[in-house]
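The values are calculated or read from the model by the stated rules, or taken from the named source; none is laboratory data. Predicted model only: the values in this text are computed from it and were never measured. All Cβ positions, even for glycine, are placed from backbone atoms using ideal geometry, and neighbour counts span all protein chains on display.
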Amino acid sequence: MSILSTRFSRASSTYEEWAIPQRECAHMLLSLEEELETPILDLGCGTGTLKDLSKDVVGLDIAVGMLKVYKQKGGIAVLGKGEELPFRDKSFGTVISNFSLHWMDLDRVIPEIKRVVRRRFLASIPVKGSLPQFGFPFPETEHLLKLLELHFRIRTKMIMEVPIPFRGWDLLKFFHYTGTSYNPCAGSVKPSRKELERLVELVDNPTFKVLFFSCEVTV
């Protein structure tokens, strides 16, 4: 089990209470399209923010704990990685991903999505410019758009600043209780309490810079 999947699993009981920006992004994402072809793959499904899209939704996640919550809600849950989707070609009418692609290898996951989807791919993803004080390697917007254009036709795209409604130590709790405190650039080095205090003092208005898009498969 990876560090990331372990942290998400541990946060499965607190995620829904604290994941306010993620829920807001889910609502915005769904506004991009009026109708979604089924079956639907919810990639990086977490505890099931998008589970009620349709009766024909499959959730995939790397975290066992998150999937347990998803199953408790009556959803079909599959343990797996976005870079190696355990599905046959063209298995889904739509692939949708809310706030999870930035944890994946985009150069590998975008072709995999293209392989398993027949029609539409929708996603929200925080990009570079989000929480710059924390040094997280959010993806470059232009790199992601170029990848998408190699495999899909982009129907709609927009960038929005999504506020994080927490300050000070509550901001750190937000990362902890949503399982998102892991920074792959930091490795195993843990900052001291004083370092964390100085860091949160620098963040007056924490926001995610989020790219929303809807793509369609081209022949």
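Scanning segment 189-219 for residues that are surrounded by 10 or more Cβ atoms within 10 Å (Cβ to Cβ) and hydroxyl-bearing (S, T, Y) returns T207, S214. Tallying residues that are charged (D, E, K, R) and farther than 21 Å from D107 by Cα within segment 143-163 yields 1.
Restricted to helices (runs of 4 or more DSSP H) entirely inside segment 133-204, those with at least 2 residues that are in contact (Cβ under 8 Å) with a residue 60 or more places away in the chain and touching a strand residue (DSSP E or B) at 6+ places or on another chain (Cβ under 8 Å) are 141-151.
Has segment 35-42 got at least one residue that is of a type in the set (D, E), farther than 17 Å from F87 by Cβ and surrounded by 15 or more Cβ atoms within 10 Å (Cβ to Cβ)? No - not one qualifying residue is present in segment 35-42. Of all residues in segment 205-216, those being under 30 Å from E33 (Cβ atoms) and either assigned to a loop (DSSP other than H, G, I, E, B) or modelled with pLDDT under 95 (or both) number 1. Taking segment 43-70 as the search range and keeping residues that are among the charged types (D, E, K, R) and at pLDDT 95 or above, which one is surrounded by the fewest Cβ atoms within 10 Å (Cβ to Cβ)? Checked segment 43-70; the qualifying residue surrounded by the fewest Cβ atoms within 10 Å (Cβ to Cβ) is K68.
Rundown of residues vs (1) closer than 26 Å to I159 by Cβ; (2) among the charged types (D, E, K, R), yes/no style:
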| position | (1), (2) |
| --- | --- |
| H27 | yes, no |
| L36 | yes, no |
| D56 | no, yes |
| L85 | no, no |
| S100 | yes, no |
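Going by the conditions given, is G93 among the small types (G, A, S), over 30 Å from V203 (Cα atoms) and not in a helix (DSSP H, G or I)? Answer is yes for this residue.
Could you please let me know if V127 is free of Cβ contacts under 8 Å to residues at least 12 places away in the same chain, within 30 Å of G93 (Cα to Cα) and of a type in the set (A, V, I, L, M, F, W, C)? No; evaluated as a whole, the condition is false for this residue. V78 passes all but one of (1) in contact (Cβ under 8 Å) with a residue 24 or more places away in the chain; (2) surrounded by 15 or more Cβ atoms within 10 Å (Cβ to Cβ); which number fails? Of the numbered conditions (1) in contact (Cβ under 8 Å) with a residue 24 or more places away in the chain; (2) surrounded by 15 or more Cβ atoms within 10 Å (Cβ to Cβ), the odd one out for V78 is (1). Out of V116, V95, one residue alone is in contact with an Asp or Glu (Cβ under 7 Å, 6 or more places away or on another chain), modelled with pLDDT of 95 or more and under 24 Å from L150 (Cα atoms). It is V116. For segment 117-136, the set of residues classified as hydrophobic (A, V, I, L, M, F, W, C) and under 15 Å from T207 (Cβ atoms) consists of I125, V127, L131, F134, F136, listed by residue number.
Provide a single number: the residues in segment 96-132 that are at negative phi, part of a loop (DSSP other than H, G, I, E, B) and crowded, with 18+ Cβ neighbours inside 10 Å. Qualifying residue count for the region: 4.
In this structure, is A63 of a type in the set (A, V, I, L, M, F, W, C) and over 14 Å from the mean Cα position of the chain (by Cα)? No; evaluated as a whole, the condition is false for this residue.
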